[in-house]
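Written out below as structure tokens is the structure these notes cover.
None of the figures in this text is laboratory data; all of them are computed from the coordinates on show. Since the model is a prediction, treat every value here as computed from it, not as a measurement. Note that each Cβ is placed from the backbone with ideal geometry, even for glycine, and that neighbours are counted across all protein chains shown.
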Amino acid sequence: MELLPHITVQHYLWLSAALFALGFFGVLMRRNAILMFMCIELMLNAVNVALVAFSKMHGDTSGQVFVFFIMVVAAAEVAVGLSLLMMLYRNLHTTDSDALNNLKG
Amino acid sequence: MSLHEIAFYFLSFLAIFSGLAMILSRNPVHSVLYLIVTFFAIAGHYFLLNAEFLGAVHIIVYAGAIMVLFLYVIMMLNLNKEQIEKTKNWIKFTAVLSSGVLMLVLVSLVSRSTIVPISQGEATDGTVQHLGKILYSDFLLPFELASVLFLAAMVGAVYLSKKETVKN
Amino acid sequence: MENLVTLVPLFPLVGFLYQVFFGKNTSKQLTTLIGSGAILASFIVSLVIFASQLHGHAVEVKAFSWINAGTLHIDVTFLVDSLSSAYLLFITGIGFLIHVYSSGYMHSDEGFNRFFAYLNLFVFFMLVLVLGNNLAVLFVGWEGVGLCSFMLIGFWYKDHANNNAAKKAFIVNRVGDLGLITAMILIFANTGTLNYTELFDGGQIAKLSPSLLTTIGIFLFIGAMGKSAQFPLHTWLPDAMAGPTPVSALIHAATMVTAGIYLVARNSDLFALSHTASEFITYIGIITALLGATIALTQNDIKKVLAYSTLSQLGFMFTALGMGAYSIAVFHVITHAFFKALLFLGSGSVIHGMGGEQDIRRMGGLKKFMPTTSLTFLIGTIAISGIFPFAGFFSKDQIIATAFEENMPVFVLLVIASAMTAFYMFRLYFLTFVGKFRGTHDQEHHLHESPISMTLPLWVLAVLSVVGGFIGFPHALGHAIHFPHFLDHFLSSSILVAEGNMDVTMEIIIALATMGIAVTMIFYARSIYVTKGTQALEDKDIKSPLHSLLYHKYRFDELYDLIFRKTFDLFGHVFSSVVEWKMIDGLVNGAGHVATWVGSASRQLHSGKIAVYLVTFIVGLLALISLIFNF
């Protein structure tokens, strides 16, 4: 059955590109570490969309399995990342990424 | 225009706009909420692509677990107040420019390729049974390793967020 | 027989080495014995060699092979011919007399052994100079005598003025040496050899182009100018009087300054081929002759008068060389050695008696205190004025006669110079030995005749000054009265001899005329200084500008100071303050500044802000992608 006759892979890829660029824009723009993190999540999701679209294009389910594992990793990463942020906040009393400038020089 | 096209376009625009809103919002809690909307839109896309299991898992894991975690952290750090961020102008400018260029690059890369319709594949490809079968046969090793990964993440998260005890 | 020639320089060398190794604890008598004995031994061997050369021909005796590099082969070989054997005789002979004299003169000096060591070394180098059969060995001796001259002038090194005089001598000599080296290089580059026999007898020199020959000739002469103190490199000789008197006698009257004459005479074949170079020599020679004579008229230090007189006489010799009269110039070298050494040793005796005083304005009437010195000094003075039959008459007369034939203006100038010579020498004699004593009371008490070690050489030299002229009896006269014209004939085997085809009568007339002029000047001097009793002016009383100019030796030293020293100082100043400070330091400091600036500009990238890092990262990534995909 033709579910989406006029929607091609390109459309999904454009969507993926747009979301990716948006997430990237957000990472650059925001200084709050937590918000940067969220934008990274957005980027990961954009990639997921692309992968699923490809999986449908090839008719191969490996793409979806891949997305599955990406989600796994993203979850683990969020857990560890947020606890890092907590530690950072305890030391610096701010989540501003500009406060992390010990590498300056 | 079939229903599905309308659905596609609607979901896409929803995703993009709420993503934009998330980035530009001043209140971190608002940003989290917008991100949740984005995730729902993306889950909708998964359903449109016959990846039902993935869509369900997406909503449960992302919108249900991860975003909740974010909310917890934000509230714990009392970040719901409005914080005026003084990003330098040149960084804003460069950010817009570079992300715009990035998008252009990716879009044009895509445009050059041959147009392939997306309608191949069975409708049953994304069902739980099919996915489960493949997961436990072809991808068994990564599956087990994922559990090890979770273990490590759990240990890491617990350890890192422990408060330092004051020695007597 | 000729193989003995290696012994000649060897004896003084041994004397020197003995002093170097054992001189610390040697007594003065032993030093005298070894030092003088070495020279005496060389003299005896030289006599033997000379005798063998009377009828023999030139012999080369190889000592050892020195340089063997590619096409350059230089051996230390001694050339025994008439010219070198003649030089050997008077170098060792007069050298011996001066050694004996020094044992008395330097008796109370604590550097006695060092003095004899230097003297022996000097004689060694001088002998090497005249004995070498190629220009390289000559050059070794050339530099060696320059070195010994430096060491001996600055012998009393505790006084800085002496050191300055020594340095001046060495440096001015060096300027001349540059000319000699250039000539040697030119000769070698164009002929491939430095050996006299190959150059002259083998015809190598004759093959060169005239302009090249002139260039080589002039450069060789520049070397001679430095060593023999010709204008404009004459400024060192008067200052060299700062050394002990025996040094002045040996080095700056009899031997070292005649090395220049030797050089030109040895290369007579070359100079005969280049008219321009010879003319150049003549003009420099006559200028120097007049320069020395005019300055000597005004000087008041005994040794300085004699020094300028030496300058003048050397000018005579070079004038002769320039006119092609090589053997006559050598003749004058020999006679000049006799009476100039005599005069210097006599002045040393005077200084010794006066307890160190050298100013003739403080002397006078020394005749009755130092009769021997006075008499021998008078003999020397008569000889240098050119009065028959003393030695100077024959040699000077022949030079003047040659000038009459070749070059009229030079002839006139030479006659003027001779007249002045007679005048100033007798002025010196009268002011020193005749009249009333003008010194202090203490000096008067101190006055005494010198010991026999000093007066014996004076007598020997006096005798030589009287009879020495007869070896060079002029050609024309000799033919007429059947006297053997010895020296010309003897030297003709080794250097070019001018043909004297002068009319006999003309020659006699010239000789008598010049002598007459000299005698007139003598009486004129006598009338001024003895009869009228005029005294030499004190420094502050000199009013006439001409007198002042002459007294201050034409201000040559000041001129050279202005031209050379100030230029060098300016250069040094420019280089040190501008180039060194601003440019070189600026460059080095600037490099540092640039590095620091680049660093501080680059460190902007390390802002520590994540946003900046990400921007940089993505910009780079985009650039890469666009490059790869050819956007």
message: Below 8 Å, C-alpha to C-alpha, sequence gap of six or more: please give me the relative contact order for chain A in percent.
response: 26 percent
query: Relative contact order of chain C: what whole-number percent is it, with Cα pairs under 8 angstrom and at least 6 residues apart?
result: 12 percent
- request: Apply 1/(1 + (r/R0)^6) to the Cβ-Cβ distance of C:A161 and C:F188, taking R0 = 41 Å, and write down the FRET efficiency to the nearest 0.05.
  value: 0.50
- prompt: Roughly how crowded by other chains is peptide C:599-610, in terms of the mean Cβ count from those chains within 10 Å of each of its Cβ atoms?
  reply: 4
- prompt: Using the beta-carbon distance between C:D301 and C:Y560 and R0 = 22 Å, what value does 1/(1 + (r/R0)^6) give for FRET efficiency, to the nearest 0.05?
  reply: 0.60
- request: Over the whole of B:5-13, what's the average partner chain Cβ count within 10 Å per residue? Rounded to a whole number, please.
  value: 3
task: Take the alpha-carbon centre of the range C:234-257, take the same for the range C:9-73, and report the distance between them in whole Å.
output: 23 Å
message: Let me make sure I get this right: for the range A:9-93, a, b and c are the square roots of the gyration tensor eigenvalues over alpha carbons, sorted descending. Under 1.5 in a/c it's rounded, otherwise prolate if a/b > b/c, else oblate. Which is it?
response: oblate
query: If you place +1 on the Cβ of every Lys and Arg and -1 on the Cβ of every Asp and Glu, how big does the dipole about the Cα centre of chain C come out, in debye to the nearest 20?
result: 1580 debye
message: Run the reach check for C:K167 against aspartates and glutamates, Cα to Cα strictly under 16 Å, same-chain hits fewer than 8 apart removed. What comes back?
response: C:E143, C:D159, C:D177, C:D239, C:D557, C:D561
query: When you look at the Cβ of every residue in B:101-114, what mean number of other chain Cβ atoms sits within 10 Å?
result: 6
Dipole magnitude (debye, nearest 20) for the range C:558-628, charges at Cβ of Lys, Arg, Asp, Glu: 520 debye
message: Nearest 500 deg cm²/dmol is fine: what mean residue ellipticity at 222 nm does chain C get from its DSSP H runs of n ≥ 4 alone, each adding -39,500 (n - 2.57), divided by its residue count?
response: -22000 deg cm²/dmol
query: Build a GNM of chain A with springs between Cα atoms under 10 Å: which of A:G26, A:G59, A:G81 gets the top mean-square fluctuation?
result: A:G59
- prompt: If each of B:H130 and C:H275 carries a label point 7 Å out from its Cα toward its Cβ, how far apart are those two points in nm?
  reply: 12.3 nm
query: Modelled label-to-label distance, C:F523 and C:V588, 7 Å Cα→beta-carbon offset: nm?
result: 7.8 nm
Estimated FRET transfer efficiency when R0 is 25 angstrom, pair C:L212-C:H73 (beta carbons, to 0.05): 0.65
task: Just report the Cα centroid separation between the range C:570-612 and the range A:5-83, whole Å.
output: 51 Å
query: Among A:F68, C:V612, C:F556, whose Cα sits farthest toward the positive end of the charge dipole of the protein assembly as shown (+1 at Cβ of Lys/Arg, -1 at Cβ of Asp/Glu, about the Cα centre)?
result: C:V612
- line: Here, C:L7 and A:N91, labelled 7 Å along Cα→Cβ, have an inter-label distance in nm of 10.1 nm
statement: Any aspartates and glutamates whose Cα falls less than 16 Å from that of C:K367, other than same-chain ones fewer than 8 residues away, would be C:E444, C:E449
- prompt: Pick from B:V61, B:V32, B:V110: which residue has the top mean-square fluctuation in a GNM of chain B where Cα pairs under 10 Å get a spring?
  reply: B:V110
- request: Would you mind checking the pairs C:K227/C:K582; C:K158/C:K227; A:K104/B:K163; C:K227/C:K436; C:K28/C:K553 and listing those with alpha carbons more than 31 angstrom apart?
  value: C:K227/C:K582; C:K227/C:K436; C:K28/C:K553
Top positive-direction residue, dipole computed over the range C:284-379 with Cβ charges, set C:L291, C:Y308, C:Q358: C:Q358
